[in-house]
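Data block below; observations after.
The values are calculated or read from the model by the stated rules, or taken from the named source; none is laboratory data. All values reported here derive from a predicted model rather than from experimental measurement. FYI the Cβ positions are ideal-geometry reconstructions off the backbone, even for glycines, and counts take in every protein chain you see.
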Amino acid sequence: MKLWGGRFTKPTNELVDEYTASIGFDQKLAQYDIQGSLAHVEMLAKCEIISQADAETIKQGLEKVAKKIEAGEAELSEINEDIHMNVEKLLTDEVGAVGGKLHTGRSRNDQVALDMRLYLRDSLVTLVDLLAALQQALLKQANANLDTILPGYTHLQRAQPVLFAHHMMAYVSMFERDIERLRDSFKRVNRSPLGAGALAGTTFPIDRHYVADKLHFDGVVENSLDAVSDRDFVVEFLSNASLVIMHLSRLSEEFVQWSSAEFKFIELDDAFCTGSSMMPQKKNPDVAELVRGKSGRVYGNLIGMLTTLKGLPIAYNKDMQEDKEGMFDTFETVKGALALFAPMVETMEVKKDNMYAAVAEDFSNATDLADYLVNKDLPFREAHAVVGQVVLHCIQENKYLLDLSLADFKGFSDYIEEDIYHVLAPETVVNARDIVGGTAKNRVEDQISNAEQRISDTQSWVKTYEEKVNVLKKASS
Ligand code: ARG
């Protein structure tokens, strides 16, 4: 008989059991479900809703169930629909009818919302930690390439030279925003919905704050209807994770380009590439490509969740069971990508000479010739036109700016003097961008030391959380 079978006259159709069950995927929540139940049962005893002795029996039973599930020894069945009812069934098998007291003052509706939040807050911290590790790998490359100059591109056309370190630091900034977003969303995830009951609260004199404190939440979700119907935190996560994978996908695209024979700017380590079954010479940047590809499913999970929620009336609706697979999948996908990216970045070989050669063979110092004339008091618009003429001349002559003689330069403007060769050298061009956030070496060094500080703040945030929550994990395993 089903846990809720009292008002039914027949068994459920087998296809209905199969179709409505979530145990196939929500068993991932088992340890969180038990953590929540341990806190709930302690609270029931403290509030004298059940006896201390019953609470003790239930707690010991739950601990046994947790161990059995962890060891893969528990039988989880579709007949019991989801992880919540499977755990309750295993508990009563273990301790008898007293196990049935556990669900006093609670519904699966607030229980599932709690489990989702417990799962997600761990996941957020894991991703933040991995993002910080990736930032460190990028920082290592930045530190090692403070003198590596490559063309900076706009429209994928060579534009102005930049330090490779500067390019790496752009990604550090992108991932820093990701960390900020995840940390900010943590505040909204880290609230306890337990006590909301099915939707309206409960008649028992429970203590919601006690449970919230036990589980290290920062507080409760106040309105009981909102507590069971809110999945904003899932949407927020899927959205923040979409930005993470979008950033990884953009970096992937650069790696794919840079490792092509056309660019030859980097070589990814053999350990992070794969070969071809037919062409013996091939070395493919599969990891980068696959991360770029997987951004599709991560965005899909976001759109799926938004669509599922859009027409739902308050409070819980079965549609909401669809919140889980996308969340799990997004977490695993992004976690996998981040775990690979840090070592892939760290081990890649940066081909400094090829980057420098690309800078020498282009007009990415043209803006500096215009700025030079502006410093001689020519209006920028006129200077732009003069340099345009110089570039056109060079293209026709198959030359670059630094190939021109002083007489050639003077043919375009009398203002140009011998110092122009120094001004147009790639190192000078880079170091001339000596403003906050510019590509001048000293400014990039500033960026690096600012980022280092923020990364260490992130790491101590992660550590504080882990120390707190490990206590919980020990209690439920
Ligand atoms: N398995 C359900 C879910 O994932 C748990 C909540 C079910 N509540 C209910 N009243 N049917 O959403």
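Here are the numbers for the structure shown:
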| quantity | calculated |
| --- | --- |
| Test for ASN317: is it more than 30 Å from GLU349 (Cβ to Cβ) and either under 13 Å from the mean Cα position of the chain (by Cα) or among the acidic types (Asp, Glu) (or both) | no |
| Breaking point among (1) exposed (fewer than 15 other Cβ atoms within 10 Å of the Cβ); (2) in contact with a Ser or Thr (Cβ under 7 Å, 6 or more places away or on another chain), for PRO285 | (1) |
| Per-region count, region 66-84, residues in a helix (DSSP H, G or I), surrounded by fewer than 22 Cβ atoms within 10 Å (Cβ to Cβ) and within 16 Å of the ligand (Cβ to nearest atom) | 3 |
| Complete set of residues in region 416-467 that are surrounded by fewer than 15 Cβ atoms within 10 Å (Cβ to Cβ), within 30 Å of LEU215 (Cβ to Cβ) and among the β-branched types (Val, Ile, Thr) | THR464 |
| Filter result for the condition that a residue is of a type in the set (Phe, Trp, Tyr), within 13 Å of the ligand (Cβ to nearest atom), assigned to a helix (DSSP H, G or I) and surrounded by 16 or more Cβ atoms within 10 Å (Cβ to Cβ), over TYR19, TYR32 | TYR32 |
| Residues that are in contact with a Phe, Trp or Tyr (Cβ under 8 Å, 6 or more places away or on another chain), surrounded by fewer than 17 Cβ atoms within 10 Å (Cβ to Cβ), modelled with pLDDT of 95 or more and not polar (S, T, N, Q), drawn from region 348-366 | LYS352 |
| Failed item in (1) over 30 Å from LEU127 (Cβ atoms); (2) in contact (Cβ under 8 Å) with a residue 24 or more places away in the chain, with ALA451 passing the rest | (1) |
| Residues located in region 199-234, provided they are touching a Lys or Arg at 6+ places or on another chain (Cβ under 8 Å) and within 24 Å of LYS310 (Cα to Cα) | VAL221, ASP232, PHE233 |
| Region 126-149, subset assigned to a loop (DSSP other than H, G, I, E, B) and either touching an Asp or Glu at 6+ places or on another chain (Cβ under 9 Å) or modelled with pLDDT under 95 (or both), residue farthest from ALA342 (Cα to Cα) | ASP147 |
| Of all residues in region 367-415 being hydroxyl-bearing (Ser, Thr, Tyr) and farther than 23 Å from VAL162 by Cα, the one that is surrounded by the most Cβ atoms within 10 Å (Cβ to Cβ) | SER413 |
| Region 391-412: number of residues that are under 17 Å from ALA425 (Cα atoms) and without any contact (Cβ under 8 Å) to a residue 24 or more places away in the chain | 6 |
| Of all residues in region 85-125 being β-branched (Val, Ile, Thr) and assigned to a helix (DSSP H, G or I), the one that is nearest to the ligand (Cβ to nearest atom) | VAL112 |
| When residues of region 431-469 are limited to those that are aliphatic (A, V, I, L, M) and touching a Gly at 6+ places or on another chain (Cβ under 9 Å), the one nearest to LEU392 (Cα to Cα) | ALA432 |
| Tally of residues being farther than 18 Å from ILE149 by Cβ and either of a type in the set (A, V, I, L, M) or within 16 Å of the ligand (Cβ to nearest atom) (or both) across region 314-371 | 25 |
| Flag for PHE217 being buried (at least 23 other Cβ atoms within 10 Å of the Cβ) and either modelled with pLDDT under 95 or in contact with a Ser or Thr (Cβ under 9 Å, 6 or more places away or on another chain) (or both) | yes |
| Given (1) under 23 Å from SER224 (Cα atoms); (2) away from the ligand (no atom under 14 Å from the Cβ); (3) assigned to a loop (DSSP other than H, G, I, E, B), number of the condition VAL41 does not satisfy | (3) |
| Qualifying residue in region 74-91 (condition: under 35 Å from the mean Cα position of the chain (by Cα) and without any contact (Cβ under 8 Å) to a residue 40 or more places away in the chain) | yes |
| Residue within region 319-339 that is surrounded by fewer than 17 Cβ atoms within 10 Å (Cβ to Cβ), touching a helix residue (DSSP H, G or I) at 6+ places or on another chain (Cβ under 9 Å), part of a helix (DSSP H, G or I) and polar (S, T, N, Q) present | no |
| Any hit, region 122-145, residues being under 15 Å from LEU3 (Cβ atoms) and of a type in the set (Ser, Thr, Tyr) | no |
| Wholly enclosed helices (runs of 4 or more DSSP H) of region 395-477 bearing at least 2 residues of a type in the set (A, V, I, L, M, F, W, C) and over 30 Å from MET169 (Cβ atoms) | 406-412, 441-475 |
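Table: residues versus (1) out of contact with any helix residue (DSSP H, G or I) (no Cβ under 9 Å at 6 or more places or on another chain); (2) charged (D, E, K, R); (3) under 13 Å from ASN365 (Cα atoms).
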site: ILE395; (1), (2), (3): yes, no, no
site: ASP403; (1), (2), (3): no, yes, yes
site: PHE409; (1), (2), (3): no, no, no
site: PHE412; (1), (2), (3): no, no, no
site: TYR415; (1), (2), (3): no, no, no
site: ILE420; (1), (2), (3): no, no, yes
site: LEU424; (1), (2), (3): no, no, yes
site: VAL430; (1), (2), (3): no, no, yes
site: ASP434; (1), (2), (3): no, yes, no
